[in-house]
Ligand SMILES: Cc1ncc(COP(=O)(O)O)c(C=O)c1O
């Protein structure tokens, strides 16, 4: 038999981003994989310089909180560095069980399950609860892990344009003909745009068509609603949301993910979700930290922290808009910790990122496929621990950089 003439690695030498990547690396313009040399505080050390951190998801600023660090340390001392196996066999400790129980209480659901990452929570839930013959309807701006779970499930995927509920309705109507179960899945707060899903109307449409609803609360849990239980709580629709996903990698200052819902669904995931069963459990320190952070969120201190992060976001948003930046406005008027600045062109976004970085502010750059083509943006985000003086320092830098940037590269949108 003749050997194959196609090298499976060929794509690594000829993919569409290769030239862009090479040029960005040569000019030291790559905004990714930058080295952090200190904790994710409001001001950080990065690559030898101090920079205002506007590119972290440490929304409540708890990663350096002594109680959260003690939670991690105690777990490390008690259980060691790793659990070396899956939750099923040898990776479940009492901290997992406490965490699952307390998450369910927090979310007001019958049960909850903890995964090693948020990505696995989405993939392991969607890939399990959906199957060939079912239909999944997803917002086009949903997180990549949602799309991955949908693709893994081999259910029929019916995407709708971001927050266009007329399109969602159409998809629900079409799904009735598909013949299987129907699940709608949306982000509560969209990770790049920072806007919210209009959940009351989504609930109405979903229920009206007999479908189930899952909300990814990754950026909303620990931030929105009186208990910080997310967008579902903020909009008063918790009882109508069938599954709520969250992660420990943002407000909860650790790493891991969860799904909260009815006991029957969660228990099914416990014995069927491959991303839960066939991977090692979170390290004890991650579970201990998440549990300590959750206890702070659920204490009297929680609402104070939610208010602080949201007021910092409103302050930054107003400041950037006053400077003439094109800040994404959410039609709902809901403030979230994510404040995106629209730039449009990929290279322009990268050049602006570099100018800000050199001047002492770190932000995230989102280009296609994280956002639609031509929709490049600088994603800024704040923490409850950002005070006005630090935000003013960042705004002063934005002001200076904007003026020199526009002289060199033309007006920003
Ligand atoms: C909306 C959303 N869902 C899920 C995830 C995945 O969570 P994790 O980072 O914990 O894997 C993220 C984080 O990047 C996210 O932004």
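The values are calculated or read from the model by the stated rules, or taken from the named source; none is laboratory data. What you see is a predicted model, and the numbers here were worked out from it, not measured in a lab. Methodologically, a virtual Cβ is constructed for each residue, glycine included, from the backbone with ideal geometry; neighbour enumeration extends over all protein chains shown.
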**OP:** Select from region 145-161 the residues that are surrounded by 18 or more Cβ atoms within 10 Å (Cβ to Cβ) and under 12 Å from residue 185 (Cα atoms) and write down the one among them that is nearest to the ligand (Cβ to nearest atom).
**Re:** 145
**OP:** Might you let me know whether region 174-184 holds any residue that is within 16 Å of the ligand (Cβ to nearest atom) and closer than 26 Å to residue 254 by Cβ?
**Re:** no
Original post:
Considering only residues of region 200-222 that are under 27 Å from residue 301 (Cβ atoms) and in a loop (DSSP other than H, G, I, E, B), which is nearest to the ligand (Cβ to nearest atom)?
Top reply: 218
Subject >> Close pairs from region 355-380: first at positive phi and touching a residue at least 40 places away in the same chain (Cβ under 8 Å), partner buried (at least 20 other Cβ atoms within 10 Å of the Cβ) and in a strand (DSSP E or B), Cβ under 8 Å, at least 6 apart >> reply: 360/51; 360/52
Subject >> In region 228-258, the residues that are more than 10 Å from the ligand (Cβ to nearest atom), within 17 Å of residue 100 (Cα to Cα) and not in a loop (DSSP other than H, G, I, E, B) >> reply: 243, 244
Subject >> Enumeration of residues in region 155-178 that are touching a residue at least 24 places away in the same chain (Cβ under 8 Å) and either under 20 Å from the mean Cα position of the chain (by Cα) or part of a loop (DSSP other than H, G, I, E, B) (or both) >> reply: 155, 162, 163, 176, 178
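Listed here are the residues, each with its yes/no results for (1) at pLDDT below 95; (2) farther than 24 Å from residue 287 by Cα; (3) within 16 Å of the ligand (Cβ to nearest atom).
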site: 111; (1), (2), (3): no, no, no
site: 142; (1), (2), (3): no, yes, yes
site: 168; (1), (2), (3): no, yes, no
site: 198; (1), (2), (3): no, yes, no
Original post:
Looking at 93, 103, which is the one that is under 25 Å from residue 255 (Cβ atoms), away from the ligand (no atom under 15 Å from the Cβ) and buried (at least 18 other Cβ atoms within 10 Å of the Cβ)?
Top reply: 93
**OP:** Quickly run through region 119-138 and pick out the residues that are closer than 29 Å to residue 297 by Cα and either surrounded by fewer than 24 Cβ atoms within 10 Å (Cβ to Cβ) or more than 16 Å from the ligand (Cβ to nearest atom) (or both).
**Re:** 119, 120
Subject >> Filter result for the condition that a residue is more than 16 Å from the ligand (Cβ to nearest atom), assigned to a loop (DSSP other than H, G, I, E, B) and either within 22 Å of residue 279 (Cα to Cα) or free of Cβ contacts under 8 Å to residues at least 24 places away in the same chain (or both), over 9, 33 >> reply: 9
Original post:
For region 182-229, how many residues meet the condition of being more than 22 Å from the chain's Cα centre (by Cα) and more than 16 Å from residue 241 (Cα to Cα)?
Top reply: 0
**OP:** Output the residues belonging to region 192-213 that are within 26 Å of residue 365 (Cα to Cα), in contact with a helix residue (DSSP H, G or I) (Cβ under 7 Å, 6 or more places away or on another chain) and buried (at least 22 other Cβ atoms within 10 Å of the Cβ).
**Re:** 196, 197
Subject >> Count of region 274-317 residues which are part of a loop (DSSP other than H, G, I, E, B) and buried (at least 24 other Cβ atoms within 10 Å of the Cβ) >> reply: 2
Original post:
Any idea which residue in region 36-67 is surrounded by the fewest Cβ atoms within 10 Å (Cβ to Cβ), counting only those that are touching a residue at least 60 places away in the same chain (Cβ under 8 Å), outside any strand (DSSP E or B) and away from the ligand (no atom under 16 Å from the Cβ)?
Top reply: 67
Original post:
Between a first residue in region 248-263 that is closer than 18 Å to residue 303 by Cα and free of Cβ contacts under 8 Å to residues at least 40 places away in the same chain and a second residue that is within 9 Å of the ligand (Cβ to nearest atom) and assigned to a strand (DSSP E or B), which pairs have beta carbons less than 9 Å apart while being 6 or more apart in sequence or on different chains?
Top reply: none
Original post:
What number of residues in region 360-376 are buried (at least 17 other Cβ atoms within 10 Å of the Cβ) and either touching a helix residue (DSSP H, G or I) at 6+ places or on another chain (Cβ under 7 Å) or part of a loop (DSSP other than H, G, I, E, B) (or both)?
Top reply: 9
Original post:
Can residue 137 be described as under 30 Å from residue 331 (Cα atoms), assigned to a strand (DSSP E or B), touching a strand residue (DSSP E or B) at 6+ places or on another chain (Cβ under 7 Å) and touching a residue at least 24 places away in the same chain (Cβ under 8 Å)?
Top reply: yes
Subject >> Test set (1) touching a helix residue (DSSP H, G or I) at 6+ places or on another chain (Cβ under 7 Å); (2) in a loop (DSSP other than H, G, I, E, B); (3) closer than 30 Å to residue 87 by Cα - residue 225 fails condition number >> reply: (3)
